Amino acid sequence: MKKFLFLTIAVFYMGTTMNIQAQNKAGKGKTLVVYYSWSGNTRTLAQQIHKLVGGDIFEVVPVKAYPEDYNKCVTQAKQEIQSGYLPELRDAVKNIEQYDTVFVGSPNWWSTISPPIAAFLSQHDLSGKTVIPFCTHGSGGRAQCFADIAKRTPKSKQCEGIAVYGSSVNSSQAQVEKWLQKLK
């Protein structure tokens, strides 16, 4: 019975993933995974999602990098978030209109999204798109990250997001698969 159940779930999930990938290749329902990562945790999560759903992937990179020292980065991030500062970004997504689904990923910084993701969302119109948030965190869970993404994309369809503890991101593949299966 367990083998049958596992096989049924695996076939259902693979079908769902292959359906999303087929739509991407056909130019229908094109998907973008966009993220900012300071430590590499959010990048790892974004790559896991991208591997499963296909489409395109885009890393948000501020012109001026955040300090490598953790404490200095935390201090700078707190100041930027409190002041509403949006950093200048190196690149923008060209032809954002070609995407129907956009996964948006950020580390949880001070209970919200990172300023680079806030800047990305202020520069790209995601109206009419399906927005799916994801984040990594140290211990704060998703906090206000998903709500803040929704506030910045009010004319988009919002889907359930996933929050992954940063130090466990390398072993979160099963959690990501289960979440994507729920999203269909």
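The values are calculated or read from the model by the stated rules, or taken from the named source; none is laboratory data. This structure is a prediction, so every number in the text was calculated from the model and none was measured. With ideal geometry, Cβ positions are generated from the backbone for all residues, glycine too; neighbour counts draw on all protein chains shown. Note: areas computed on protein heavy atoms with side chains; ligands, DNA, RNA excluded. Shrake-Rupley method; radii C 1.70, N 1.55, O 1.52, S 1.80 Å.
Key figures for this structure:
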| item | result |
| --- | --- |
| Failed condition for Gln173, given (1) under 27 Å from Gly84 (Cβ atoms); (2) in contact with a helix residue (DSSP H, G or I) (Cβ under 7 Å, 6 or more places away or on another chain) | (1) |
| Failed item in (1) over 17 Å from the mean Cα position of the chain (by Cα); (2) open to solvent by less than 30 Å² (accessible area, probe 1.4 Å); (3) free of Cβ contacts under 8 Å to residues at least 24 places away in the same chain, with Lys72 passing the rest | (2) |
| Some residue of region 29-39 being surrounded by fewer than 18 Cβ atoms within 10 Å (Cβ to Cβ) and modelled with pLDDT of 95 or more | yes |
| Failed criterion for Lys178 (all others in (1) under 25 Å from Ala77 (Cα atoms); (2) open to solvent by 60 Å² or more (accessible area, probe 1.4 Å) hold) | (1) |
| Region 100-111: number of residues that are surrounded by fewer than 21 Cβ atoms within 10 Å (Cβ to Cβ) and either closer than 24 Å to Asn41 by Cβ or among the small types (Gly, Ala, Ser) (or both) | 2 |
| Residue check for Ser139: assigned to a loop (DSSP other than H, G, I, E, B) and at pLDDT 95 or above | no |
| Hits in region 150-166 - residues which are open to solvent by 40 Å² or more (accessible area, probe 1.4 Å) and touching a helix residue (DSSP H, G or I) at 6+ places or on another chain (Cβ under 8 Å) | Arg152, Gln158, Glu160 |
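Residue by residue, here is whether (1) closer than 22 Å to Thr44 by Cα; (2) in a helix (DSSP H, G or I); (3) open to solvent by 10 Å² or more (accessible area, probe 1.4 Å); (4) touching a helix residue (DSSP H, G or I) at 6+ places or on another chain (Cβ under 7 Å) holds:
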position	(1), (2), (3), (4)
Pro67	yes, no, yes, yes
Gln79	no, yes, yes, no
Pro116	yes, yes, no, no
Leu126	no, no, no, no
